[in-house]
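Q: Just passing along the structure, written as structure tokens.
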Amino acid sequence: MFQIQNSVDDRVYVVDGGKLRKDIPEINSETGRQLFEGDIILPLERNALRNNSYRWKFPIPYILADSLDLNAKGVVLQALDMFRLKSCIDFKPYEGEQTYLKFEKLDGCWSYVGDLQRGQTVSIGERCDYKAIVEHELLHALGFYHEQSRTDRDDYVQIWWDEIIEGFAYAFDKHNDSFLDDLNTPYDYESVLHYGPYSFNINSNVPSITTKIPEFNEIIGQRLDLSRIDLLKLNRMYNCTSSLTFLDQCSFEYINICGMVQSGKDDADWDHTLGKSGEEDHTLLGNCADRGYFMRFDTKLGHAGQAALLESRILYPRRKEKCLQFFYRLNGSPQDKLVIWVKKDDGTGNVRRMEKLYTITADGEHHWKLANIPFSVQTKFRYGFQGIRGDPATSAGGIAIDDTSLTETNCPTNIWHIRNFTSLFNRTSKGDYITSPVFYSSEGYAFALQLYPHGRNSSPYVNYMGITFHLCSSQNDGLLEWPAGHRQVILSALDQDPDVIHRMSLSLSFTTDPKQLVYGRNDTLQWDKPSITGSFSSACNCYMSPGVGWNTFLTHRELHWKKFLKNDDLFIFADFEEATPAFPRYQKIAM
Ligand SMILES: [Zn+2]
């Protein structure tokens, strides 16, 4: 089922020289600069959170300074998109406004708190270019302090003062009520604004913060994404009532099926179906009695060619990009089809112009799978799922869909679906890895990933999975640019929470440097053709370049704490795209 290999060639380049995903306190304590709470520069008047004049007006103008690394620019734009998806906070490129955020590469990761109304810097220094770190600094800029500086923090965490590096105790100050407003939210161990256990600590194995509920010792300092309560606070402070780029989602738990409608013009209907043993839904996977619905089109009834269309309500776009994501299961006839449609405004206000987006055909695999369908539309529209009966005589099941979502964001292109993860995990040990299928970038570069469930042999980290990115030789190589520099690799592990806004997916990225040498070899460019840099691999039947990646991709705790594993499936998204044109909102302003 898995082809498990063990790494012998350790010619792997670890992004950040193996120090990857260091947290903010560690990065900042190395710069020697002493900042309030560790990464905040205080405004003159300290009540940013209580004083409305420190609140931003939207959209917030921003500048990506030339000093930022290419990867940092991409990561900042990615973080801005997370705020647009999860809140009403919007941003726009700077056009001469008085107040703005200027992202710069200075010493460490830090920010001011609140809108100072004179333009202000957010520093995304060396090793700060991670989505969650930028989100953390942006929350400061939007007016928030650290979670562990709350007035009531001593009820929830213990600060070990003797374990803190001399001179850094101020980073653990707590604030009083006149200064801080918790917006009537409970203490949040999961906040992206919480420091981890090993912050400004003297002894690398002795924590400076521990939690009163011990389970959270492994959670504080999470750097996956904004937590549910981070969002609640943000949305309360800024009176957000809706997101900017979220349009629709449905887990089909309720009979109104989120306003989706059955077409009246077709042959049959989808059924709102309660999961049963052996045919569970995807939202709850049979874990709750009397719950766990999905939509199902029975294909063992009727005759071949009969179809049923399930359409969304009419939706009104704000921007062009769309990403439709859903889980599906085809366990009927091998001839069954699931067709995705979009129905657009015909120019007269009627939503009737059909466009076929994608067809999924049965492949004999009867488990839940994931699809990401990108499309663009700027008029009002509906999207639809059309099931087509292939051959009822050979069908024992049907077509199912569940946990659909539609966002106005760019879709990840490639999905690595790793099944039976627990079995893989139990059968492997440190140094063992599996190789993904070969993926292709939009330019035609072939690449693959290798996942180390227990980390690479040389990794100093325990309980972390490792992941590496490899270019692969392909028939396109003669046409492509080499070395393949200035491309951004984005790898994400999907939190499969049915609620898109509250997902806390991990996303890491780096940008390829055309001058980088293969680790340990001074005569070969890392991003040259894989036939030059790499060795032949039976996993892809191709030449595979030495890997570049992380020793600290996802912790074993995170896998189970969030819904990274559902149905024992792990989904990893992988993209390798040109960095410059892929950043259309990048404004080059020299300041
Ligand atoms: Zn901070």
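Q: Quick one: of LYS343/LYS562; LYS131/LYS233; LYS430/LYS563; LYS92/LYS233; LYS300/LYS322; LYS356/LYS566, which pairs are farther than 27 Å apart, Cα to Cα?
A: Among LYS343/LYS562; LYS131/LYS233; LYS430/LYS563; LYS92/LYS233; LYS300/LYS322; LYS356/LYS566, the Cα-Cα distance tops 27 Å for LYS343/LYS562; LYS300/LYS322; LYS356/LYS566.
Q: Using the crude model of +1 on Lys and Arg Cβ and -1 on Asp and Glu Cβ, and no other charge, please compute the dipole size for the range 247-407 relative to its Cα centre, in debye to 20. Each step should come with its number before you reach the end.
A: Details: 21 positive and 22 negative charges, 160 e Å.
Magnitude of the dipole: close to 760 debye.
Q: Could I ask something else about it? Sorted by packing (mean other beta-carbon atoms within 10 Å per residue), highest first, where do 265-272, 562-569 land?
A: The most tightly packed comes first, giving 562-569, 265-272.
Q: Can you list residues from other chains, or at least 5 along the same chain, whose modelled amide H is less than 5 Å from the amide H of LEU506?
A: Under 5 Å from the amide H of LEU506 lie the amide H atoms of ALA493, ASP495, each far enough along the sequence or on another chain.
Q: Once you order the gyration tensor axes a ≥ b ≥ c over the Cα atoms, which shape class does the range 231-384 get: rounded for a/c under 1.5, otherwise prolate or oblate by comparing a/b with b/c?
A: oblate
Q: Can you run phi through the Karplus equation (6.51, -1.76, 1.60; θ = phi - 60°) for the range 526-538 and list ³J(HN,Hα) in whole Hz, with x for Gly and Pro?
A: With coefficients 6.51, -1.76 and 1.60, one gets 4, 9, 6, 3, x, 5, 8, 8, x, 10, 6, 10, 6 Hz.
Q: Right, here's the next one. Under the rule a/c < 1.5 gives rounded, and otherwise a/b versus b/c splits prolate from oblate, where does the range 33-237 land using the Cα gyration tensor?
A: prolate
Q: Just going by the charge dipole of the chain, with Lys and Arg at +1 and Asp and Glu at -1 on Cβ, which of CYS240, LEU116, ASN551 is farthest out on the positive end?
A: CYS240
Q: What number, rounded to the nearest 500 deg cm²/dmol, is the helix-based mean residue ellipticity at 222 nm of the chain, given -39500 (n - 2.57) per DSSP H run of at least four residues and division by all its residues?
A: Helix contribution divided over all residues of the chain: -3000 deg cm²/dmol.
Q: Rounded if a/c is under 1.5, else prolate if a/b is larger than b/c, else oblate: which is the chain, with a ≥ b ≥ c the root eigenvalues of its Cα gyration tensor? Intermediate values should be presented prior to the final figure.
A: Working: a/c = 1.61, a/b = 1.31, b/c = 1.23.
Taking the square roots of the gyration eigenvalues as a ≥ b ≥ c, the chain is prolate.
Q: Now for a different question. Please report, as a whole percent, how much of the solvent-accessible surface of the chain comes from carbon and sulfur atoms (probe radius 1.4 Å).
A: 48
Q: Contour minus end-to-end for TRP341 and CYS258, with contour as 0.36 nm per residue of separation and end-to-end as the Cα-Cα distance?
A: 28.1 nm
Q: Taking only protein heavy atoms and a 1.4 Å probe, what accessible area per residue, in Å², does the range 247-407 have with all protein chains in place?
A: Working: 7100 Å² over 161 residues.
Per-residue value: 44 Å².
Q: Same structure, new question: Ordered by packing density, taken as the mean number of other Cβ atoms within 10 Å over each peptide's residues, highest first, how do 184-190, 389-395, 421-427 rank?
A: Values: 184-190: 16.9, 389-395: 18.4, 421-427: 14.6.
Going from most to least packed, we get 389-395, 184-190, 421-427.
Q: Can you tell me the order of 548-558, 136-146 when each peptide is scored by its average per-residue count of other Cβ atoms within 10 angstrom, highest first?
A: Output ranking for 548-558, 136-146: 136-146, 548-558.
Q: Separate question: State the antiparallel share, in %, of DSSP beta bridges confined to the chain, rounding to the nearest 5.
A: 90
Q: Here is a further query. Can you sort HIS367, HIS417, HIS486 by 1.4 Å-probe accessible area, starting with the largest? Walk me through the numbers before you get to the answer.
A: Details: HIS367 30, HIS417 50, HIS486 100 Å².
My answer, sorted largest first, is HIS486, HIS417, HIS367.
Q: On to the next question. Choose one of ALA493, THR151, TYR452: the residue whose Cα lies farthest towards the positive end of the charge dipole of the chain (beta-carbon charges +1 Lys, Arg; -1 Asp, Glu; about the Cα centre).
A: ALA493
The values are calculated or read from the model by the stated rules, or taken from the named source; none is laboratory data. Given the structure is predicted, the values throughout are model-derived calculations rather than measurements. With ideal geometry, Cβ positions are generated from the backbone for all residues, glycine too; neighbour counts draw on all protein chains shown. Ligands, DNA and RNA are stripped out before the accessible areas are found, and what is left, the full protein with its side chains, is counted by its heavy atoms. Shrake-Rupley method; radii C 1.70, N 1.55, O 1.52, S 1.80 Å.
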